[in-house]
1. Determine the pairs where a residue that is within 22 Å of residue 205 (Cα to Cα) and surrounded by fewer than 18 Cβ atoms within 10 Å (Cβ to Cβ), located within region 149-175, has a partner that is of a type in the set (Phe, Trp, Tyr) and modelled with pLDDT of 95 or more with Cβ atoms under 6 Å apart, the partner being 6 or more residues away or on another chain.
2. If you take just the strands (runs of 3 or more DSSP E) that sit entirely in region 1-120, which of them hold at least 3 residues that are surrounded by 20 or more Cβ atoms within 10 Å (Cβ to Cβ) and of a type outside the set (Asp, Glu)?
3. Within region 183-236, how many residues turn out to be free of Cβ contacts under 8 Å to residues at least 12 places away in the same chain, more than 23 Å from residue 117 (Cα to Cα) and surrounded by 14 or more Cβ atoms within 10 Å (Cβ to Cβ)?
4. Among the residues of region 206-221, which ones are part of a helix (DSSP H, G or I) and over 20 Å from residue 152 (Cα atoms)?
5. Determine which single condition residue 259 fails, assuming it passes every other condition in (1) closer than 20 Å to residue 151 by Cβ; (2) touching a residue at least 40 places away in the same chain (Cβ under 8 Å).
6. Restricting attention to region 112-162, which residues are within 30 Å of residue 221 (Cβ to Cβ) and either more than 17 Å from the chain's Cα centre (by Cα) or small (Gly, Ala, Ser) (or both)?
7. Residue check: is residue 66 modelled with pLDDT of 95 or more and of a type in the set (A, V, I, L, M)?
8. Search region 222-248 for residues being in contact with a strand residue (DSSP E or B) (Cβ under 8 Å, 6 or more places away or on another chain) and either assigned to a strand (DSSP E or B) or at pLDDT below 95 (or both), and hand back the single one that is farthest from residue 178 (Cα to Cα).
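The values are calculated or read from the model by the stated rules, or taken from the named source; none is laboratory data. In this text the structure is predicted, and so the values were computed from the model without any measurement. Positions of Cβ are backbone-derived with ideal geometry, glycine not excepted, and every protein chain shown enters the neighbour counts.
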Amino acid sequence: MENLQHPLSNWIPYKLIEKDNEVYFEWIYLSNLNFLEPFFDETMSKCRSHEYNSKRMKVVSSVENVIEWADELESVELKSLVFHVSRCGSTMLSQSLATSSENIMISEGPVFDQILRSDNFGLDKKATLLKSVLKFLGQKRFPEQKNLILKLDAWHIFNAGYLRTIFPDIPFGLLYRNPVEVLKSHQKLMGMHMVPNLIPPTVFGISAQEIEEISFQQYGALVLEKYFKGFLDFYETDQNVILLNYNEGMKNVIENFISFINVDYEVNEREKMFERLKKHSKNGNVVFEGDSFKKEALEIDFAKVNLLHEKLNNAKPEYLEH
């Protein structure tokens, strides 16, 4: 039976619901939409106008249903997990990769964060659920689709070791950027993970005492320190990971990444990826003319985060030194 004829073709479990001691998944119908928007949630917003998704009754299932039904689907091969420190070109990378009709590019799907942070599942069940949800998101809905790439949230670097146990052979990409530029970007429009307590500080390994001793702006630098340290710790111990530096140019980032994940794209597919770099990452209708940051200096002590950034620039895993 062809996948397109399967009753669940074009349906995905996109949200984990935990309420009144009940745990279930909410589903949404994709119709013929692909994941082309900068973020997963934006694609979901477009899906909601479809008649299947606009009814008052929601489509839900049990956790076990998701696991059972996932085995029935044909899905494309997972080629990489992408980790990043935020405001470092990750949206541009994902948007460039999404231009290829061969790729299914999932960018920061909240359902993965919900599974990883849930207290209702043990590690084994989480592993099964992550793989099952990926099978649905990576279902082969169009003949040309071959590759599934997942860009995670920035704080998921702290789950990298666990995710490696689930995906032992999958290449991991670590994308980062000069810390001043990252924090200048957050100064313009602050991400929720840079605001104290919007995401529990324990997610980043930050103690209550550390928060009490620093300013609001310094908190963002502390989060970035934790990201950089997470990158270093993982890079130094894993043999299937690549560091990608935004400041070496996004064309270079894309070339290194697609070479690393060992996908041989057609010339026209690569050209579409590079052409996308000319537009703004979050708005493909606007020409990208470089970042514009506020001129005033940030009231931040950059000593620790700059040291970690320098270590990343000079990092070399032990297995390459022999």
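1. none
2. Values: elements: 11-19, 22-29, 60-62, 77-84, 103-107.
It comes to 11-19, 22-29, 77-84, 103-107.
3. Qualifying residue count for the region: 1.
4. The answer is 208, 209, 210, 211, 212, 216, 217, 218, 219, 221.
5. (2)
6. 118, 119, 154, 160, 161
7. Yes, satisfied.
8. If we take residues in region 222-248 being in contact with a strand residue (DSSP E or B) (Cβ under 8 Å, 6 or more places away or on another chain) and either assigned to a strand (DSSP E or B) or at pLDDT below 95 (or both), then 241 is farthest from residue 178 (Cα to Cα).
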